[in-house]
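Worksheet: one structure, shown below.
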Amino acid sequence: FKPDNFVFGNSGAGNNWAKGHYTEGAEIVEQAIDVVRKEAEGSDHVQGFQIAHSLGGGTGSGLGTLLLLKIRDAYPDRLTKTYSIYPSPKVSDTVVEPYNAILATHQLPEN
């Protein structure tokens, strides 16, 4: 991995889809899109994008769907593939994981 491609925020989304999608994630999504754009411009032919994310937490579900939305806006003619990890009801850490997964799942077919 190239160290220049890492994007850091000041705080996490705190297991909250809305924080990852609208507040904390919205603050750093443009930095992330700039990294994606830089890598896409440096390649010969971009066929598509792959995103692996967890839907239980706030960052993977909220920021993950926001990033997917921004990629689809910037590259509407490219393929996108998501590998979405759903939370398990048997091993759940927090009570909000199912809600995060539902909110993120609502966004995925649209993008």
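The values are calculated or read from the model by the stated rules, or taken from the named source; none is laboratory data. Fair warning: this is a prediction, and the values are worked out from it, not measured in the lab. Don't worry about glycine lacking a Cβ; one is built from the backbone with ideal geometry, like all the others, and counts go over all protein chains shown. Side chains are part of the model used for accessible areas, which takes the heavy atoms of the whole protein and leaves out ligands, DNA and RNA. Shrake-Rupley method; radii C 1.70, N 1.55, O 1.52, S 1.80 Å.
As a summary of the residue check, residue 95 satisfies the conditions (1) crowded, with 16+ Cβ neighbours inside 10 Å; (2) at pLDDT below 95 except for the one numbered (1). When the test is whether a residue is in a loop (DSSP other than H, G, I, E, B), in contact (Cβ under 8 Å) with a residue 40 or more places away in the chain and open to solvent by 30 Å² or more (accessible area, probe 1.4 Å), residue 59 does not pass it. Residues of the stretch 1-32 that are farther than 16 Å from residue 68 by Cα, open to solvent by 100 Å² or more (accessible area, probe 1.4 Å) and not charged (D, E, K, R): 1, 3, 6, 8, 10. The residues of the stretch 89-111 that are closer than 11 Å to residue 55 by Cβ and in a loop (DSSP other than H, G, I, E, B) amount to a single one, 108.
Yes/no matrix, rows are residues, columns are (1) on the phi < 0 side of the Ramachandran plot; (2) exposed (fewer than 13 other Cβ atoms within 10 Å of the Cβ); (3) in contact (Cβ under 8 Å) with a residue 60 or more places away in the chain; (4) not in a strand (DSSP E or B):
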site: 34; (1), (2), (3), (4): yes, yes, no, yes
site: 45; (1), (2), (3), (4): yes, yes, no, yes
site: 53; (1), (2), (3), (4): yes, no, no, no
site: 65; (1), (2), (3), (4): yes, no, no, yes
site: 69; (1), (2), (3), (4): yes, no, no, yes
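Scanning the stretch 71-84 for residues that are among the aliphatic types (A, V, I, L, M) and surrounded by fewer than 16 Cβ atoms within 10 Å (Cβ to Cβ) yields 74, 79. Examine the stretch 19-30 for a residue that is touching a strand residue (DSSP E or B) at 6+ places or on another chain (Cβ under 8 Å), of a type in the set (A, V, I, L, M, F, W, C) and under 26 Å from residue 109 (Cβ atoms), and state whether such a residue exists. No.
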